[in-house]
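This report refers to the structure that appears directly beneath it.
The values are calculated or read from the model by the stated rules, or taken from the named source; none is laboratory data. Just so it is clear, the model here is predicted, and its values are computed rather than measured. Don't worry about glycine lacking a Cβ; one is built from the backbone with ideal geometry, like all the others, and counts go over all protein chains shown. Side chains included, ligands, DNA and RNA excluded: accessible areas come from the protein's heavy atoms. Shrake-Rupley method; radii C 1.70, N 1.55, O 1.52, S 1.80 Å.
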Amino acid sequence: MSDDHTHVQEFFSARAADWDSRFPDDGPAYAAAVAELGLREGDRVLDAGCGTGRALMPLRAAVGPSGVVLGADLTPAMLHAAVRAGRDRDGRLLLADVAALPLRSRSLDAVFGAGLISHLSRPAENLRELARVVRPGGVLALFHPIGRAALAARQGRQITPEDLRAEPNLRPLLAGSGWRMTSYVDQDARFLALAVRED
C-alpha cells in the first residue's frame, strides 16, 4: 500500500467512530445532490469513497429495489461505521480503492463522490478509473455539503489557486480523464460538479 493510502486510512480511521455525529445535518444536502444525478429505477450506481455511507439511502431511493447500489471505501473503519448505522441495507459495501475498482468496464450508470476529489492520490488516473466503470453517457457527481470557501474557513486555511475543485482546474482535469463537465456550483451551502462520461 502506498504512503498516500496509509495516510488516508489513518486520517479516516481516527475519525470513523464519530464521523456522522460531527455532521448531523448533511442528509438533505446529500439527497439534493443525488437527485441531480437523474438516476432512474433499475440504474447501477457507485458511491466512490462512501465513508460511513451517508449517500446510500438516497441512492437506493433513486434506483429503487431493482437497481444496484455499491459503496466503495479504502478504510475498513468507515465501512464498519456504515454497517453499525445500518446503511449496508441500502447498498453493497466494498473494501476497495477507487484507483483499482473490482468492477467490469462500463457496468455502471453513475458514480457519486462526496468529498472524494481532495483525497485522490493521482486525480487524473483515479478519475479515468471511475470513467472506465461507467457507460458512455453515464454521470459523475463530485459533491461536498459545503462550498470551497466555507470549508477552507472551517479548517482555518485559505483557498489556493491550485485547489483541484476550482472550476478552471477541475474542468480540464475531468476532460483529460474521460468526462465532460456539465454543471458546476460552488456556494457556501454546497459544492457540486456534474460530468458526463464521454464515448
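Of all the residues in the stretch 152-163, those that are farther than 25 Å from residue 56 by Cβ and loosely packed, with under 14 Cβ neighbours inside 10 Å number 7.
Looking at 180, 135, 148, which one is in contact (Cβ under 8 Å) with a residue 60 or more places away in the chain and among the charged types (D, E, K, R)?
135
The number of residues in the stretch 131-152 that are of a type outside the set (Phe, Trp, Tyr) and under 15 Å from residue 190 (Cβ atoms) comes to 11. Within the stretch 174-195, the set of residues being crowded, with 17+ Cβ neighbours inside 10 Å, farther than 23 Å from residue 51 by Cα and of a type in the set (A, V, I, L, M, F, W, C) comprises 179, 181.
Here the condition is being assigned to a loop (DSSP other than H, G, I, E, B) and either closer than 18 Å to residue 196 by Cβ or in contact with a strand residue (DSSP E or B) (Cβ under 9 Å, 6 or more places away or on another chain) (or both); of 65, 102, 136, it holds for 102 alone. Within the stretch 69-121, the set of residues being open to solvent by less than 60 Å² (accessible area, probe 1.4 Å), more than 14 Å from the chain's Cα centre (by Cα) and at positive phi comprises 86 only. In the stretch 134-151, the count of residues that are surrounded by fewer than 13 Cβ atoms within 10 Å (Cβ to Cβ) and modelled with pLDDT under 95 is zero.
Being open to solvent by less than 10 Å² (accessible area, probe 1.4 Å), over 18 Å from residue 165 (Cβ atoms) and not small (Gly, Ala, Ser), is that true of even one residue in the stretch 123-130?
Residues of the stretch 123-130 that are open to solvent by less than 10 Å² (accessible area, probe 1.4 Å), as a first pass: 126-127, 130.
Now restrict to residues that are over 18 Å from residue 165 (Cβ atoms): none.
No, the conditions are met nowhere in the stretch 123-130.
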